[in-house]
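The values are calculated or read from the model by the stated rules, or taken from the named source; none is laboratory data. Owing to the predicted nature of the structure, the values given are computational and were not obtained by experimental measurement. FYI the Cβ positions are ideal-geometry reconstructions off the backbone, even for glycines, and counts take in every protein chain you see. To get the accessible areas, we keep the full protein, side chains included, count just its heavy atoms, and leave off ligands, DNA and RNA. Shrake-Rupley method; radii C 1.70, N 1.55, O 1.52, S 1.80 Å.
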Amino acid sequence: MNENLFASFITPTMMGLPIVVLIIMFPSMLFPSTGRLVNNRLVSIQQWLIRMTTKQMMTIHSKKGQTWTLMLISLIMFIGSTNLLGLLPHSFTPTTQLSMNLGMAIPLWAGTVILGFRHKTKASLAHFLPQGTPLPLIPMLIIIETISLFIQPMALAVRLTANITAGHLLIHLIGGATLALMSISMTTAFITFIILILLTVLEFAVALIQAYVFTLLVSLYLHDNT
Amino acid sequence: MASVVPLKEKRLMEVKLGELPSWIMMRDFTPKGIAGAFQRGYHRYYNKYINVKKGGVAGVSMVLAAYVIFNYCRSYKELKHERRRKYH
């Protein structure tokens with residue numbers, strides 16, 4: 001059972017070809033391009049959702065921060081659609097791989113930090129020392145602030161990976177438990193099935209929330225640094 | 001009996017059964033031709049099911065169902081061991 005549990009997280013290759021590339025590119029097929037003034041229903045719904053998200057997320061930024069709009073909106077669309085597609089049976093979710101989440105988190109975080117250092121050098125360096133600290137505590141606090149700065153990309157990546165992976169594993173385990181309990185006691189199996197349904201609803205929410213949190217934190221780091 | 005229209009320009013449904021192997025050999029298998037085939041297929045599906053005035057949920061759910069089946073075929077080898085059999 002242990003080997004089967006983690007088999008769905010292996011990077012998919014078919015006859016040696018990495019079809020994981022195709023799987024990562026698949027969600028883009030579900031967002032058709034908007035050519036006309038009045039589009040078809042699918043495109044109109046997606047346009048409405050994206051405009052709502054953009055207004056909610058990007059109004060707090062200054063003019064300089066708003067140049068990051070395209071990056072952040074495509075980030076939340078990608079993570080959201082990838083997580084939601086991972087809830088389909090047997091599918092592979094790229095965001096369960098730590099490598100990919102690190103690849104998304106580190107460049108974005110590094111971008112915001114470097115932007116802050118280039119444009120507001122004094123203010124960025126001043127972040128390392130909160131106001132009003134007593135003099136003896138200063139060295140230790142600077143070390144702590146540096147550590148907390150460098151942990152930001154790690155936390156971003158590991159948060160996304162752990163949430164999605166844990167959700168998928170729970171669904172596998174509880175589904176397997178329901179199946180095994182069916183031959184022993186129907187009532188317990190039914191209760192476990194209810195738990196499975198609640199868990200799936202939670203997973204839908206988690207998929208969207210994680211996308212939102214990732215993007216929100218990046219935008220927060222951006223706000224600090226512009 | 002010789003065809004009036006040249007073989008290369010016929011559509012699939014108009015090709016006679018005896019001419020089928022030569023018709024397949026005449027198709028364009030260059031990368032550009034294969035990309036063109038994928039593009040044609042995508043636009044055919046898109047314009048028939050999604051780019052319509054009252055598109056429903058069926059257009060997108062057919063794509064998702066095909067995605068599920070594709071992933072099932074991909075992981076069949078591991079799933080084979082989870083069938084309910086007395087002897088695996």
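Structural remarks
- Test: residue in region A:76-92 that is open to solvent by 40 Å² or more (accessible area, probe 1.4 Å), away from chain B (no Cβ under 14 Å), among the aliphatic types (A, V, I, L, M) and closer than 23 Å to A:Leu170 by Cα: no
- Every pair of residues 6+ apart whose Cβ atoms lie under 7 Å, when the first sits in region A:25-45 and is facing chain B (nearest Cβ under 8 Å) while the second is of a type in the set (A, V, I, L, M, F, W, C) and part of a loop (DSSP other than H, G, I, E, B): A:Asn40/B:Val52
- B:Ile34 closer than 27 Å to A:Ile24 by Cβ, touching a helix residue (DSSP H, G or I) at 6+ places or on another chain (Cβ under 8 Å) and open to solvent by less than 80 Å² (accessible area, probe 1.4 Å): no
- Summed over region B:69-78, the residues that are within 17 Å of A:Leu88 (Cα to Cα) and loosely packed, with under 14 Cβ neighbours inside 10 Å give a count of 4.
- Pairing each residue of region A:117-145 that is closer than 20 Å to A:Asn225 by Cα with any residue that is surrounded by 10 or more Cβ atoms within 10 Å (Cβ to Cβ) and among the small types (Gly, Ala, Ser), provided the two are 6+ apart or on different chains, yields C-beta distances under 7 Å for A:Phe117/A:Ser124; A:Ser124/A:Gly116.
- The set of residues from region A:21-35 being over 18 Å from the mean Cα position of the chain (by Cα) and part of a helix (DSSP H, G or I) comprises A:Val21, A:Leu22, A:Met29, A:Leu30.
- Of the set (1) assigned to a helix (DSSP H, G or I); (2) open to solvent by 60 Å² or more (accessible area, probe 1.4 Å), all apply to A:Ile184 but (1).
- Residue in region A:98-117 that is open to solvent by 70 Å² or more (accessible area, probe 1.4 Å) and over 26 Å from A:Met154 (Cβ atoms) present: no
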